[in-house]
Each structure stands twice: as C-alpha cells, then as structure tokens.
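Asks: First, the structure itself, so that you have it in front of you.
The values are calculated or read from the model by the stated rules, or taken from the named source; none is laboratory data. The shown structure was predicted, so the numbers you read here are calculated from the model rather than taken from an experiment. Here Cβ is always computed from backbone atoms with ideal geometry, including for glycine, and neighbour counts include all displayed protein chains.
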Amino acid sequence: MPNNSNNDLDVFNAQELRTRMDILHAVDKSLDRMTVAEICKNAGVSRQTFYRFFESKYDIPCWHTMYCRRFYLNEIGRTISWETGYYHHFRLILQEYDFYSKSIQYSVNTPFGRSILPEDRKKVLLETLEKWRHESLTRNMLFIVETFARLECEVLNDWLRSSRPPDLDVWTDDVISIVPARLFLALDIKESKGTL
C-alpha cells in the first residue's frame, strides 16, 4: 500500500470527521438536556462550525450510525455475510457506547431510530437485493424489507438505551435470529473461516 502523505485523503483522519467526532464526544448527557451552545463549548467549536456539519443536535447519533453503516452493515449481501456485517457494525457502534447511552437515553423530541435511519436502511437493502443479488422485488419482499428495516433500528435503539451489558456475539446472534428467512437467504453469502 503506498504511503500517502496527505492525511486528508484517509477517511479516518479527514478533518471533517475529526470535527464531527469532537462534537459527538462533547455530548455528555441526554441531547434533550443539552443545548447546542453547551455542545459547542465542550467541543471547542463555533455554532457556525456545528451547523456546517449538523442541522440539529439530534442529527449527531443519526450521522454516526449512518457513517458506521457504510463499512459493514451496508456490505451485507454485497461482499460479506450477515454474521460478519452485524458483528463488525456493532463493534464500531460500541466504540461510542458511552455517547449513545447518554445522548439518546431520554430523547423524546427526535426519537433515535424513528428518523431517516430505517428509511436509509430500507434503501440500502433494496439496492443490494436488486443490483447486487439480482432479486426481483415482489410486493412481499418490499413489505419484508420495510418492516425489517424498522425492526432492526428499533432493536439497536432499545439496546443502546438499556443498561444491558453490550456483548458483540450475543447482539449478532440475536439480530440474525430476527432477520426474515426470505431476506436472509436472498442476501446470504458463505464466507470461509478467517474472512476479515
């Protein structure tokens, strides 16, 4: 791999990502109980900078979840299996477990998971079925995907709000157990041991 001296090209070192993560780490209690001014002060950024990256304080957990999805969750059925996708997605999310457990604990204004998250997940699943797996999107498959996208988001939302200890293996097994059989089979990829 070539040594790239421009760190801005590295997705994990990009200045935009560092600023967003500074804002995320500035949240130290429920978003309902914090003001944007408090978040900005804790992050050491201006309100202008905050609003360059987020429309509201409630966009912070949605952004992070969608950012993490692109690495593993969105790859289920494309390049990796359900098991690999969920396990590594949860691993990324749990790196910020403290943020989620504090920020969305009492959120009533914009409930996490009832926003663009299920709609985005539905879009990715349908795209994977259609363009990657060449599955026909029957009325029933559309219903399965729409329902499952909401359920998947709600389950993770509930876990992140609970005091239940996070366990990657248990979470992975539990979520796989609720994937509808038709959807599971349509996106199933057999992986050899040692993948990832």
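Asks: Please work out which residue is surrounded by the most Cβ atoms within 10 Å (Cβ to Cβ), limiting yourself to the stretch 102-136 and to residues that are among the small types (G, A, S) and modelled with pLDDT of 75 or more.
Replies: Filtering the stretch 102-136 for residues among the small types (G, A, S) gives 103, 107, 113, 115, 136.
If we keep only those that are modelled with pLDDT of 75 or more as well, we get 103, 136.
Numbers: S103: 27, S136: 7.
Checked the stretch 102-136; the qualifying residue surrounded by the most Cβ atoms within 10 Å (Cβ to Cβ) is S103.
Asks: Given the residues R20, R78, which is the only one that is surrounded by 12 or more Cβ atoms within 10 Å (Cβ to Cβ), touching a helix residue (DSSP H, G or I) at 6+ places or on another chain (Cβ under 9 Å), farther than 30 Å from K190 by Cα and modelled with pLDDT of 95 or more? Reasoning before the result, please.
Replies: Values: R78 fails: farther than 30 Å from K190 by Cα.
From the options R20, R78, the qualifying one is R20.
Asks: Shifting gears a bit: Give just the number: which of (1) under 16 Å from the mean Cα position of the chain (by Cα); (2) in contact (Cβ under 8 Å) with a residue 24 or more places away in the chain does M141 not satisfy?
Replies: All conditions pass for M141, except number (1).
Asks: State yes or no: is R33 more than 20 Å from the chain's Cα centre (by Cα) and in contact (Cβ under 8 Å) with a residue 40 or more places away in the chain? Full working, then the answer.
Replies: Working: more than 20 Å from the chain's Cα centre (by Cα): yes; in contact (Cβ under 8 Å) with a residue 40 or more places away in the chain: yes.
It is true that R33 is more than 20 Å from the chain's Cα centre (by Cα) and in contact (Cβ under 8 Å) with a residue 40 or more places away in the chain.
Asks: Still on this structure, please answer the following. Kindly provide the set of residues from the stretch 36-92 that are over 21 Å from the mean Cα position of the chain (by Cα) and among the aliphatic types (A, V, I, L, M), ordered by number.
Replies: Once the filter is applied, which keeps residues that are over 21 Å from the mean Cα position of the chain (by Cα) and among the aliphatic types (A, V, I, L, M), the stretch 36-92 yields V36, A37, I39, A43, V45.
Asks: What's the total number of residues in the stretch 137-151 that are basic (K, R) and at pLDDT 95 or above?
Replies: First, the residues of the stretch 137-151 that are basic (K, R): 139, 150.
Checking which are at pLDDT 95 or above leaves us with 139.
Total meeting the criteria: 1.
Asks: Can you name every residue in the stretch 23-81 that is among the small types (G, A, S) and closer than 18 Å to Y100 by Cβ? Give the steps one after another, and end with the answer.
Replies: Kept after step one, since they are among the small types (G, A, S), are these residues of the stretch 23-81: 26, 30, 37, 43-44, 46, 56, 77, 81.
Of everything in the stretch 23-81, those that are among the small types (G, A, S) and closer than 18 Å to Y100 by Cβ turn out to be A26, S30, A43, S56.
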